[in-house]
Amino acid sequence: MSSAPIVPALPAWAVVTDKRRAHIMRVTTLLLAWADALALETRECEAWRDAGNWHDALRDVPPRELPRPAVDPTLPPGAWHGPAAADRLQRDGEARNDVLDAIRWHTVGDAGWKRTGRALFCADFLEAGRHFAKKDRRTLAKRFPDDPERVLREVVRMRLDIARRDGKQIHARTLAFWEVVR
């Protein structure tokens with residue numbers, strides 16, 4: 001892939017603020033750096049790039065304006081943007097299941113994911129613009145190409161710990177994902 005600056009290639013229907021666009025750029029840049037370090041083939045690099053570019057395409061739409069996801073009606077409203085974006089991309093002709101599933105479940109995880117979903121889940125959490133546990137997250141982001149499975153376990157564990165600390169309910173899909181990766 002190219003070392004040129006990343007400019008998110010958002011669909012025309014995307015609803016993102018400038019702040020969200022910057023987040024998408026950081027996620028995609030991280031994914032492409034990892035793909036390069038892992039020497040992934042072009043097709044997989046493109047899948048990682050597109051998952052990064054599109055994962056939050058509808059994140060700035062108020063949840064009340066998104067449909068409850070038929071694929072999993074138990075998802076909390078804050079996670080509805082993933083299934084909505086994946087459905088829209090599929091209607092527009094996107095056929096790569098790894099990209100669609102990565103986008104669909106990026107907020108809660110998925111036990112059936114392969115590398116694209118797992119990498120997006122990590123990059124979304126580890127991108128440098130987030131303001132918590134900066135040193136730990138930076139270390140994990142640097143370690144990802146050398147040990148993606150261990151980094152993924154740490155990311156899932158950290159996300160579970162944060163949710164528990166904040167008194168949030170942990171979605172069943174996240175718990176199933178944790179069972180697969182731990």
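Every number in this text was worked out from the coordinates using simple rules, so none of it is lab data. Because the structure is a prediction, the values reported are computed rather than measured. Note: ideal-geometry Cβ built from the backbone for every residue, glycine included; neighbour counts use all protein chains shown.
Peptide packing for 117-125, 56-64 was compared via the average number of neighbouring C-beta atoms within 10 Å per residue; ordered from the highest value, the list is 117-125, 56-64. Hey, what D do you get for the chain in µm²/s if you plug the Kirkwood alpha-carbon radius into Stokes-Einstein at 10 °C and 1.306 mPa s? Estimated via Stokes-Einstein, D reaches 97 µm²/s.
222 nm [θ] for the chain, helices only, -39500 (n - 2.57) per DSSP H run of 4+, per residue, to 500? Walk me through the intermediate numbers first.
On the way: 8 runs with 103 residues, N = 182.
Value at 222 nm, helices only: -18000 deg cm²/dmol.
Applying the Karplus relation 6.51 cos²θ - 1.76 cosθ + 1.60 with θ = phi - 60° to segment 53-58 yields 3J(HN,Hα) values of 5, 9, 4, 10, 4, 10 Hz, where x marks Gly and Pro.
Residues 55, 131, 23, 81, arranged from fewest to most other Cβ atoms within 10 angstrom of their Cβ, appear as 131, 23, 81, 55.
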